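Let me begin by presenting the structure, written as structure tokens, before commenting on it.
Just so it is clear, none of the values below were taken in a lab; they were calculated from the coordinates. On a predicted model such as this, the values are computed, not experimentally measured, just so you know. Note that we place each Cβ from the backbone using ideal geometry, even for glycine, and neighbour counts take in every protein chain shown.
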Amino acid sequence: MKKTIYIEPSLIAADWARMGEEAKSCYDAGIEILHLDVMDGHFVPNLTMGPALVAAIRKAVPKMILDVHLMIYNPDDYVEQFIQAGADEITFHLEATEEVEHVLSYIRVTGKKAGLAIKPETTETLLLKYLDKADKLLIMTVEPGFGGQEFLPDMLEKVSFLRENATKLGIEIDIQVDGGINFETGRKSVEAGATRLVTGSHFFKQKDRAKAVAQYNELKAIGKLKK
Ligand code: DX5
Ligand code: ZN
């Protein structure tokens with residue numbers, strides 16, 4: 001697998017009173033992609049950011065890639081607003097809409113990357129039919145809604161199942177894991193075939209963020225080693 005491994009701090013775990021500086025500090029530490037968790041209080045029992053905060057983060061870090069993770073029902077109602085706000089990638093949940101293919105193509109036709117996510121209780125086989133219609137698959141490795149939860153190791157089987165099936169079809173799709181990621185669970189996820197690691201509480205509690213990025217970057221070597 002030739003794909004590069006990316007580490008993506010999730011701003012859900014940042015200091016919200018200093019969100020702009022937190023985003024800049026990730027950039028200064030060598031991070032290229034920020035993960036923005038959007039929650040609607042219905043699809044998940046929590047409320048976080050909307051297009052206005054995404055636009056503020058966009059302004060603060062114009063050179064970074066903003067990866068917006070919509071944990072909301074009827075994501076197509078908000079795709080346009082998040083793109084206007086500056087999102088580079090939009091990931092939504094299979095469980096949140098009946099119009100999966102429409103939303104994927106709607107995001108892609110605007111030139112942005114489209115991701116499809118599943119909750120821990122959703123079977124990964126439902127994603128097979130979208131392998132050639134999405135730019136990224138997101139496997140939730142915790143119950144969506146809150147940062148700081150324990151990693152669910154059973155989710156690794158989903159990562160390897162999807163990686164094996166994508167490779168069989170000659171598809172080099174990104175597979176992202178989100179929830180409870182640290183150096184150890186990140187390593188296990190890359191070994192299973194993940195290429196995008198979302199890390200919230202583990203990353204933001206590090207004293208030296210540049211050092212943490214360097215430690216996470218060591219996992220990139222595993223990605224290259226895989227066939
Ligand atoms: C859950 C959130 C979290 C967040 C990462 O809905 O999506 O998974 O991104 O938070 P940590 O790394 O603290 O689990
Ligand atoms: Zn997320």
How do the peptides 62-72, 16-26, 87-97, 151-161 rank, highest first, by the average count of neighbouring beta carbon atoms within 10 Å per residue? 87-97, 62-72, 151-161, 16-26
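For a 21 Å ceiling on Cα separation, which of these pairs sit above it: K24/K205; K59/K133; K63/K113; K113/K207; K24/K59? Provide the component values of the computation, followed by the final result.
Numbers: K24/K205 16 Å; K59/K133 30 Å; K63/K113 16 Å; K113/K207 32 Å; K24/K59 11 Å.
Beyond 21 Å between Cα atoms: K59/K133; K113/K207.
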Starting from the alpha-carbon convex hull of the range 14-55, give the projected area averaged over all orientations, in nm². 3.4 nm²
Scattering from the C-alpha atoms of the range 6-222 alone, worked out with Debye: what is log10 I(q)/I(0) at q = 0.08, 0.13, 0.14 1/Å? -0.24, -0.67, -0.79
Starting from the 7 Å offset along Cα-to-Cβ, what nm value, one decimal, do you get for the label separation of Q215 and N46? 2.2 nm
With +1 at each Lys and Arg Cβ and -1 at each Asp and Glu Cβ, the charge dipole magnitude of the range 6-222 around its Cα centre, to the nearest 20 debye, comes out at 700 debye
At E32 and Y130, where each label point lies 7 Å from the Cα along Cα→Cβ, what is the point-to-point distance in nanometres? 2.4 nm
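So how much slack lies between Q84 and E21, counting 0.36 nm per residue of separation and subtracting their Cα-Cα distance, in nm? Before the final figure, lay out the partial values.
Values: separation 63, 0.36 × 63 = 22.68 nm, distance 2.21 nm.
Gain in length upon complete extension: 20.5 nm.
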Alpha carbon centre of the range 145-179 versus the range 26-48: separation in Å? 18 Å
Mind putting together the pair-distance distribution for the range 127-227? All Cα pairs, 5 Å bins, whole percent per bin, short to long. 2, 13, 25, 22, 19, 11, 5, 2, 0
Give me the net charge for the shell around G200: Cβ to Cβ below 10 angstrom, other residues only, Lys and Arg +1, Asp and Glu -1. -2
